[in-house]
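Right, one structure below, let's go through it.
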Amino acid sequence: MALLLAAVVDWWVRRPRVGAEGAVWIHGWCRRIVKVVGVEWRVVGELPTCGAVVSNHLSYLDVLLYSAVRPFVMVAKSEVRGWPLFGWLTSRAGTVYVTRGGGPSTYPAVNAAMAEAYRSGLPVLFFPEGTTTDGAEVLPFRRGLFHSVLNEGVPLRVAALRYSLEDASGSVEEDVCWWGDALLAPHLWRLLGLRDVRAEICFGGEVAARRDRFVLSERAREAVGELYAGSEVAGEVELVEAF
């Protein structure tokens, strides 16, 4: 909480522009927050530089970790915008907010926001499962946001995030993954009490099958599932602060 408050003060001092500049700014703060939370992380594969990236979704930690790796424009459910401090900070980074179950009436606004995000020059990350899980499987992908990938003709890369835990007093499924009807505050309190939480982010290749959003989403899900299961990808990346 102290870091989040410090980030707000820092924003008022620096006044980065909302969007790509804000995403670069919040990247540095996410690195600090992940370090304080005590999560060790490593990256495998080639970092994306543009276009769209899709990933599985396990926890509120996912957004912090991806933003710590490099600046992304994020896509989040509309409820996040109303979260204290965190919602305000994500909006500074140009986050695209999507109303779950909003129906066709929301598509034009979302597609326009996604097109603007792609033009930012940063990769755009979204979680097409539409919810967090306990990591037992990669859920079927919702197809809505894949419209924007095809409409804008941007490349689509896949990624997978997995957690491990050496602390025998907790479990990845219940104390690191945040899913179902688990309340945020008690879960966060348990997480902060754990030791040796580790995360691995694997970046895979580009999805080539793009006949329509049905094919694109299904092929993307298959590729994310293979990464999550531990398929071979390129070696570990040495991160260099170049943003």
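Quick note: the coordinates plus some simple rules give every number you see, no bench work behind them. If you're wondering where the values come from, they're calculated on a predicted model, not measured in any experiment. Every residue, glycine among them, receives a Cβ derived from its backbone with ideal geometry; neighbour counts consider all protein chains shown.
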In whole Hz, the Karplus estimates of ³J(HN,Hα) for segment 160-172 (6.51, -1.76, 1.60; θ = phi - 60°; x where Gly or Pro) are 9, 10, 9, 10, 9, 8, 8, 6, 6, 7, x, 9, 4
Given the candidates S148, T133, F203, the one whose Cα lies deepest towards the positive end of the charge dipole of segment 130-238, counting +1 at each Lys or Arg C-beta and -1 at each Asp or Glu C-beta, is S148
Largest fluctuation, V138, V53, V207 only, Gaussian network model of the chain with Cα springs under 10 angstrom, belongs to V207
Diffing segment 11-27: the Karplus 3J(HN,Hα) column from phi (6.51, -1.76, 1.60, θ = phi - 60°), in whole Hz with x for Gly and Pro, holds 5, 5, 7, 7, 6, x, 5, 5, x, 4, 5, x, 5, 5, 5, 6, 3
Taking the alpha-carbon centre of each part, the distance from segment 48-112 to segment 132-189 in Å is 13
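About the Cα centre of the chain, what is the dipole size in debye to 20, counting +1 per Lys and Arg Cβ and -1 per Asp and Glu Cβ, all else neutral?
Working: 25 positive and 28 negative charges, 210 e Å.
Around 1000 debye, computed over the chain.
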Among (1) 1.03; (2) 1.32; (3) 0.96, the entry matching Cα Rg over 2.2 N^0.38 Å as calculated here is (3)
When the charge dipole of the chain is computed with +1 at the Cβ of Lys and Arg and -1 at the Cβ of Asp and Glu, the Cα pointing farthest to the positive end, of V96, L61, V158, is that of V96
The ³J(HN,Hα) series, computed from each phi in segment 86-93 with the Karplus coefficients 6.51, -1.76 and 1.60 at θ = phi - 60°, rounded to the nearest Hz and given as x for glycine or proline, is 4, x, 5, 5, 5, 5, 5, 8
Checking rank on 78-89, 31-42, with mean other Cβ inside 10 Å and highest first, the result is 31-42, 78-89
Ranked output for segments 10-23, 116-129 by mean other Cβ atoms within 10 Å, highest leading, reads 116-129, 10-23
